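Quick notes on the structure that follows.
Every number in this text was worked out from the coordinates using simple rules, so none of it is lab data. Just so it is clear, the structure is predicted and the values come from calculations on it, not from any experiment. So basically every Cβ, Gly included, is an ideal-geometry build from the backbone, and we count neighbours across all protein chains shown.
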Amino acid sequence: MFDIGSSEFLLIVIVAVIVIGPKDLPRALYKVGQVVGKARGMARHFRTGIDAMVREVELEELEKKWAAQNQRILDEHPAEPEAEPASLPAPAAASAAVVEPASAVPGYGGEAEADAAPKGGAQA
């Protein structure tokens with residue numbers, strides 16, 4: 001980012017020690033670090049916002065492109081009118097089947113349970 005050579009950096013350090021003084025130099029470097037950190041955070045936030053706007057624009061362009069391509073395909077292959085489905089005959093096997101009630105099957109509420117005394121409750 002910044003092209004600072006070692007001799008230039010050494011000159012900056014010497015000037016900082018002379019101007020600020022060795023006693024206040026750590027505090028000054030801490031403040032510089034905070035400012036640089038805040039600047040990086042703001043730059044990252046700005047870059048994220050720009051990237052989001054670019055993505056939205058690209059997405060809108062793709063949607064327009066897809067809509068145009070979809071319309072072109074629909075124009076090339078028009079939909080045929082659907083014929084009404086023929087009514088199917090009723091299955092003969094379903095009407096001939098006999099279903100017995102559950103009371104006629106042994107063990108499922110048949111005659112054996114009807115003869116038994118009612119469960120739970122008062123008996124006379």
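How many residues are small (Gly, Ala, Ser) and more than 54 Å from the chain's Cα centre (by Cα) if we restrict to segment 10-24?
Step one: list which residues in segment 10-24 are small (Gly, Ala, Ser), which gives 16, 21.
Keeping just the survivors that are more than 54 Å from the chain's Cα centre (by Cα) gives 21.
Residues flagged as small (Gly, Ala, Ser) and more than 54 Å from the chain's Cα centre (by Cα) within segment 10-24 amount to 1.
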Of all residues in segment 1-26, which are surrounded by 10 or more Cβ atoms within 10 Å (Cβ to Cβ), part of a loop (DSSP other than H, G, I, E, B) and not β-branched (Val, Ile, Thr)?
-> GLY21, ASP24
